[in-house]
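K.L.:
Dropping the structure in here first, questions after.
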Amino acid sequence: MTAEHGLKKLLIHQTPYFCYPQFRIMSIKKEEDIDNSLSGENIPEHATEHKGKWYKRLRKGITTSTADKKETPEGLWNKCPECNYICTTAELKEHLYVCPKCNYHHRIGSEDYYDILFDNQEYIVLFDNIRSKDFLGFTDLKPYQKRLDEIHAKTDLKDSMRVAVGKLNGQEMVIACMDFEFIGGSLGSVMGEKFSRAVDYCIEYHLPYMVISKSGGARMMESAFSLMQLAKTSGKLAQLSDAQLPFISLLTDPTFGGISASFGMLGDLNIAEPGALIGFAGPRVIKETIKKDLPPGFQRSEFLLDHGFLDFIVDRSKLKDRLAQLIVLFRN
Amino acid sequence: MPQYPNRQFLDFEQPIKELYEHIEENKKLAEKNAKVDYRGIIQQLEDSIVDKRKEITQHLTPWQRVQLSRHPDRPYTLKYIENMTTNFVELHGDRNVKDDKAMVGGFADLDGQTVMFIGQQKGINTKARQLRNFGMANPEGYRKALRLMRLAEKFNKPVVTLIDTPGAFPGLEAEERGQGEAIARNIYEMIRLKVPIIVVIIGEGASGGALGIGVGDKVLMMENTWYTVISPESCSSILWRSWDKKEVAAEQLRLTSLDMKSFGLVDEIVPEPLGGAHWDYVESANILKSYILKSIEEFKQYTPEQRMNMRIEKFGKMGFWDEVEETEEMQ
């Protein structure tokens, strides 16, 4: 037995092998790439990480047969990505998906926002019958239509935006909200059309309008059609403005590209959740362009507030009251 | 306009370069051999250059059109203005931060009428390219463009925008100064601008950077240009996770003038001289000028309100979707 071999054996015996994966997760710095969310594929984290194996497994890993395997229910516990605080999902939900320890605002979907904002969780979903289709026959690694079908099969979501009308502390309002799960909340023809019809609805019923943005940008699979949605939605805002109805743009983590280059930044009030990443170009692209590290806090809500692009930052727990208060102020 | 041997050739233009080389050889031979008449063969070669230019443009792939739109000899905004107008007075600055050299603009005389020209400007050599930031404007560029549009509106002059950009600049300061907001504001204000706006894509039309000066009554697209939501390279890197699929991305994005016209996303295609605009600056400018004049005439007759409503309707129609049975859903 060589000395090296002996050392390996020693290490294996002294350190239980299950420590290694844990060590690995702790040591990898998490950095998100916004653009990749638009590809419509959820790549498992660290999938690209590869470490050379320097030890040899002597015994078999898992010997329990599949039949005897005990399943742990998914999603019972939740770890805060910011401070690593662990709590039950039920506890997190009670805190409106905000970390009780560090105030990190977890990403949530339209359903959750509607439940948080609307009185008695009562609201009517509008224009839910509009569906994306693959007009161009766009195929990247997968055909666009197949992507759509897969998400439709996997989730209840019909597209990256839902529109609903309901009351906030008695004040009626139309709220359009994006779902990041649906191809990165990307702006395509359907979002543009729903946005437009929501504006028409507001004008018809004389209601204030709010959009909750959470998107990586325009939907590339719809090519120039998605780009034109920037002009389409901005045009509708001109009509809303002429009807003297307030438009509030709530930016949440993350909001990029086509959204911030159109209605996202065109609110009568632009507001944001704390710590949300908001910008035109994604951090990776900027870093590659200027070949410098980005300062801490760059493109966060607080940074935008500081540079004059937001009216205020609001905690999720205070969002509803603040909105209701604003509607009253606008109306009286 | 650069002439051979200062002309630059793309990979698929190499046959033309070879023809030029043949001509040069024959010219040299003619100098040596005064007795033999080389005029015939030189003329023949020159004719075949024209044929080749025609042949090449007939079978271009989408990626080759992208390459043509970026041809180093291609005329840029100021070149078009120079060749189309007289009395151009360039105006500078956004009255706020600085003067963005990637965005130019000013009043000029276009066939007897004053027109406000605005467009992204690229540089013709390394130094100029840096000065112009490769045609990638910062927020102050878009705000300068808006200032000039307002100026045109005040004096009731039509606006012509010339688009040629690989995108809005993705920089640190650009974000600090609100790149997204600047583009959004322009799109919004251009919808409402009281004077006619004619938009022309003269080169690259990449994403929000292009649309930031791209909302108008009439959108024209020159033959060998592209216009879409993202550059084929970036699209390839995001969707294919590799930089090598730019040709495929260019095909899938359907970004050529023919595609864009067939989708109704642009109104008209402006033809270019045989082989592309870089073969004849004057001719390209003349063709473009006739299209611009015709478009201004067309939209002058409407009232500002009519024009605004037509713009909202025009862009409002863009998009594709299905509507399924099942309407409201009570939660």
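K.L.:
Within segment A:96-113, track down each residue that is outside any helix (DSSP H, G or I) and touching a residue at least 60 places away in the same chain (Cβ under 8 Å). Give the derivation first.
P.N.:
Quick first cut of segment A:96-113, residues outside any helix (DSSP H, G or I) only: A:96-109.
Selection gives A:L96, A:Y97, A:V98, A:N103, A:Y104, A:H105, A:R107, A:G109.
K.L.:
Please determine whether any residue of segment B:289-305 is within 14 Å of chain A (Cβ to nearest Cβ) and either touching a His at 6+ places or on another chain (Cβ under 8 Å) or without any contact (Cβ under 8 Å) to a residue 40 or more places away in the chain (or both).
P.N.:
yes
K.L.:
Restricting the search to segment A:161-186, which residues are farther than 16 Å from A:L250 by Cβ and surrounded by 23 or more Cβ atoms within 10 Å (Cβ to Cβ)?
P.N.:
Of everything in segment A:161-186, those that are farther than 16 Å from A:L250 by Cβ and surrounded by 23 or more Cβ atoms within 10 Å (Cβ to Cβ) turn out to be A:F182, A:I183, A:G184, A:S186.
K.L.:
Return the residues of segment B:182-228 that are open to solvent by 10 Å² or more (accessible area, probe 1.4 Å) and in contact with a Leu (Cβ under 8 Å, 6 or more places away or on another chain); say none if nothing qualifies.
P.N.:
B:R185, B:Y188, B:E189, B:S207
K.L.:
Of (1) hydrophobic (A, V, I, L, M, F, W, C); (2) away from chain B (no Cβ under 11 Å); (3) part of a loop (DSSP other than H, G, I, E, B), A:L141 satisfies all except one. Which?
P.N.:
Only one criterion in (1) hydrophobic (A, V, I, L, M, F, W, C); (2) away from chain B (no Cβ under 11 Å); (3) part of a loop (DSSP other than H, G, I, E, B) is unmet by A:L141, namely (2).
K.L.:
So, one more: Quick check on this structure: which one of B:S207, B:S231 is on the phi > 0 side of the Ramachandran plot and not aromatic (F, W, Y)?
P.N.:
On inspection, the qualifying residue turns out to be B:S207.
K.L.:
Also, quick follow-up: Looking at segment B:53-82, which of the residues that are open to solvent by 50 Å² or more (accessible area, probe 1.4 Å) and of a type in the set (S, T, N, Q) is nearest to B:N286 (Cα to Cα)?
P.N.:
Here the residue is B:Q58.
K.L.:
Hey, another quick one. Pull up segment A:126-138, narrow it to residues that are in contact (Cβ under 8 Å) with a residue 40 or more places away in the chain and in a loop (DSSP other than H, G, I, E, B), then point me to the one that is surrounded by the most Cβ atoms within 10 Å (Cβ to Cβ).
P.N.:
The extreme case among them is A:S132.
Listed here are the residues, each with its yes/no results for (1) part of a loop (DSSP other than H, G, I, E, B); (2) in the same structural domain as B:V195 (by TED's automatic domain parsing); (3) open to solvent by 10 Å² or more (accessible area, probe 1.4 Å).
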| residue | (1), (2), (3) |
| --- | --- |
| B:C235 | no, yes, no |
| B:K245 | no, yes, yes |
| B:G264 | yes, yes, yes |
| B:L288 | no, yes, no |
| B:Y302 | yes, yes, yes |
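K.L.:
Quick one: what pairs do we get from segment B:236-251, first residue under 10 Å from A:D140 (Cα atoms) and within 11 Å of another protein chain (Cβ to nearest Cβ), second aromatic (F, W, Y) and loosely packed, with under 15 Cβ neighbours inside 10 Å, C-beta under 7 Å, 6+ apart or different chains?
P.N.:
Listed pairs, sorted by first residue: B:S236/B:W243.
K.L.:
Quick one: which residue in A:S234, A:S226 is of a type outside the set (F, W, Y), buried (at least 24 other Cβ atoms within 10 Å of the Cβ) and under 17 Å from B:C235 (Cβ atoms)?
P.N.:
A:S226
Here is a yes/no grid of residues against (1) open to solvent by less than 80 Å² (accessible area, probe 1.4 Å); (2) modelled with pLDDT of 90 or more; (3) part of a helix (DSSP H, G or I); (4) polar (S, T, N, Q):
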| position | (1), (2), (3), (4) |
| --- | --- |
| B:Y4 | yes, no, no, no |
| B:Q8 | no, yes, no, yes |
| B:Y20 | yes, yes, yes, no |
| B:Q43 | no, yes, yes, yes |
| B:D51 | no, yes, yes, no |
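The values are calculated or read from the model by the stated rules, or taken from the named source; none is laboratory data. From a predicted model like this one, the values you see are computed outputs, not experimental measurements. Glycine gets a Cβ as well: all are built from the backbone with ideal geometry, and neighbour counts include every protein chain shown. In case anyone asks, the SASA skips ligands and DNA or RNA and just uses the protein heavy atoms, side chains included. Shrake-Rupley method; radii C 1.70, N 1.55, O 1.52, S 1.80 Å.
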